[in-house]
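The values are calculated or read from the model by the stated rules, or taken from the named source; none is laboratory data. Keep in mind it's a predicted model, so treat the numbers as computed, not measured. Note that each Cβ is placed from the backbone with ideal geometry, even for glycine, and that neighbours are counted across all protein chains shown. Surface areas here come from the heavy atoms of the whole protein model, side chains and all, with no ligands, DNA or RNA. Shrake-Rupley method; radii C 1.70, N 1.55, O 1.52, S 1.80 Å.
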Amino acid sequence: MAGTGALVGGVPAASAEGRHYVIATDITFPPFEFQDERGNFVGIDMDLIHAIAEDQGFQVDIKPLGFDAALQAVQANQVDAVMAGMSITDERRQTFDFSDPYFDSGIQMAVLATNDDIRTYADLRGKRVAVKNGTEGAAFAESIKNHYGFSTVSFADSSSMYDEVRTGNSVAVFDDYPVLAYGIEQGNGFKTVTAKEAGNSYGLAVNKGRNAEFLQAFNAGLRNLKDSGRYDEIVERYLGAAAITPDNSFLGLLKSTFPLLMLGLRMTLILTAVSIVIALALGVLFGLLRVSRSVWLRAIGTTYVDIFRGTPLLVQAFFIYFGIPTALGIQMSAMTAGIITLSLNAGAYMTEIVRGGILSVDKGQMEAARSLGMGYLPTMRKVILPQAFRTMIPSYINQFVITLKDTSILSVIGIAELTQTGRIIIARNFQSFTMWLIIGIIYFVVIMTLTKLSDRMEKRLVK
């Protein structure tokens with residue numbers, strides 16, 4: 001990673017020119033960062049960072065992680081910086097170093113356009129409000145909820161927060177006013193009902209004490225963009241544009257989003273295929289340990305199974321992607337962490353499938369082979385496992401399907417598989433019902449196809 005080891009406030013060890021920086025962001029936060037129909041990362045933040053990079057002569061890679069995961073990635077030194085509409089606060093300054101402010105925000109409350117009952121904060125008494133984790137809107141809601149007598153429910157992304165109100169489970173959202181303004185312009189079905197509350201400014205953040213030369217270059221580029229008028233052009237492009245009315249019918253959305261959805265499906269299938277092959281190998285290895293005569297080998301197999309079946313997949317993903325690199329001082333790609341997570345998790349279940357398959361083979365098979373002079377391992381390889389695998393096929397295919405669905409959890413570490421791709425699209429077009437219907441159909445077609453193929457394979461092997 002570029003620029004590590006520089007001291008903030010001192011003379012930078014090197015210039016940012018010619019360097020390469022990885023920027024984490026949350027691409028479900030229009031108009032600051034989102035993905036357009038062609039899959040490009042656009043928005044005020046994205047256009048600004050690319051313009052500043054061009055002005056200062058460095059390069060950037062954008063890593064879409066979601067807001068919470070982006071902050072953790074910076075702290076774990078998995079990325080160089082986070083630029084995601086992040087408010088500059090004294091509390092965050094304890095952990096991060098910030099650039100100069102690039103946008104002055106503020107908070108507003110919004111309700112469904114059809115809701116005429118909620119006009120003030122006082123009308124929220126006894127009701128529930130949706131907020132997004134770690135945002136200024138969430139902090140403001142928490143600061144006034146006891147006074148006005150309402151409760152809050154938190155979500156990891158903006159689209160889920162707005163959907164919570166659409167379902168009627170919550171009555172309002174607190175969000176940054178430009179985000180609300182953009183969404184209303186795009187026809188998200190909301191309206192603002194309160195005046196803008198004073199808010200903090202947005203800034204780019206790096207880990208405390210690192211990448212000083214990058215902050216210096218960012219600030220210099222920001223000044224140049226403001227002096228040239230290019231900054232105003234970028235902001236006007238998103239906050240001053242007229243409302244767009246795309247074709248949001250089922251067929252219209254399917255046509256416009258199909259290429260992106262297929263990329264997401266491709267990532268889902270790659271993750272699943274690679275992970276399930278590794279999981280099978282782990283399952284055979286630890287499955288043999290689980291039926292070993294040695295108490296120590298059985299203990300090793302049991303410990304592995306208990307750890308990965310006894311902890312949530314989400315926790316495993318965070319630990320492997322953020323925890324291990326931080327502890328060991330290494331870097332790990334999201335793809336690598338995702339495959340390791342899925343493989344170890346599925347491997348624990350495959351271990352039990354293999355163990356069950358081995359135990360289903362009549363004990364006389366082992367005794368007969370040993371009486372003919374075959375060793376334990378040759379007997380397992382040539383006699384027991386071939387018979388066991390036949391009984392394991394239905395369970396193996398079932399685990400394949402479960403692993404395919406589990407890939408959706410990896411969106412928390414920035415992998416754009418099918419479910420995360422859907423969230424990204426919904427953040428842009430606000431068509432949650434239709435998009436989740438399309439995604440559900442894609443999953444159904446893929447899983448049913450796999451199931452039918454497994455049925456045919458099982459019938460052939462039985463013959």
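Some points to look at:
- Helices (runs of 4 or more DSSP H) wholly inside the range 46-165 that include at least 2 residues being open to solvent by less than 40 Å² (accessible area, probe 1.4 Å): 67-75, 136-148
- Selection status of L297, touching a helix residue (DSSP H, G or I) at 6+ places or on another chain (Cβ under 8 Å), over 25 Å from D68 (Cα atoms) and surrounded by fewer than 17 Cβ atoms within 10 Å (Cβ to Cβ): yes
- Top-ranked residue of the range 324-356 - restricted to ones that are assigned to a helix (DSSP H, G or I), open to solvent by less than 70 Å² (accessible area, probe 1.4 Å) and free of Cβ contacts under 8 Å to residues at least 40 places away in the same chain, ranked as nearest to G283 (Cα to Cα): G356
- Any hit, the range 416-426, residues being in the same structural domain as G283 (by the TED database), free of Cβ contacts under 8 Å to residues at least 60 places away in the same chain and open to solvent by less than 40 Å² (accessible area, probe 1.4 Å): no
- Subset of the range 406-463 that is touching a Gly at 6+ places or on another chain (Cβ under 8 Å) and not in a helix (DSSP H, G or I) - its residue that is farthest from I393 (Cα to Cα): F430
- Among the numbered conditions (1) modelled with pLDDT of 80 or more; (2) among the basic types (K, R); (3) open to solvent by less than 70 Å² (accessible area, probe 1.4 Å), the only one that K452 does not meet is (3).
- Test: L359 is open to solvent by 60 Å² or more (accessible area, probe 1.4 Å) and either acidic (D, E) or in contact (Cβ under 8 Å) with a residue 40 or more places away in the chain (or both): yes
- Of everything in the range 184-217 that is in contact with a strand residue (DSSP E or B) (Cβ under 8 Å, 6 or more places away or on another chain) and in a helix (DSSP H, G or I), the residue that is surrounded by the fewest Cβ atoms within 10 Å (Cβ to Cβ) is I184.
- Top-ranked residue of the range 166-181 - restricted to ones that are assigned to a helix (DSSP H, G or I) and open to solvent by 20 Å² or more (accessible area, probe 1.4 Å), ranked as farthest from Q108 (Cα to Cα): R166
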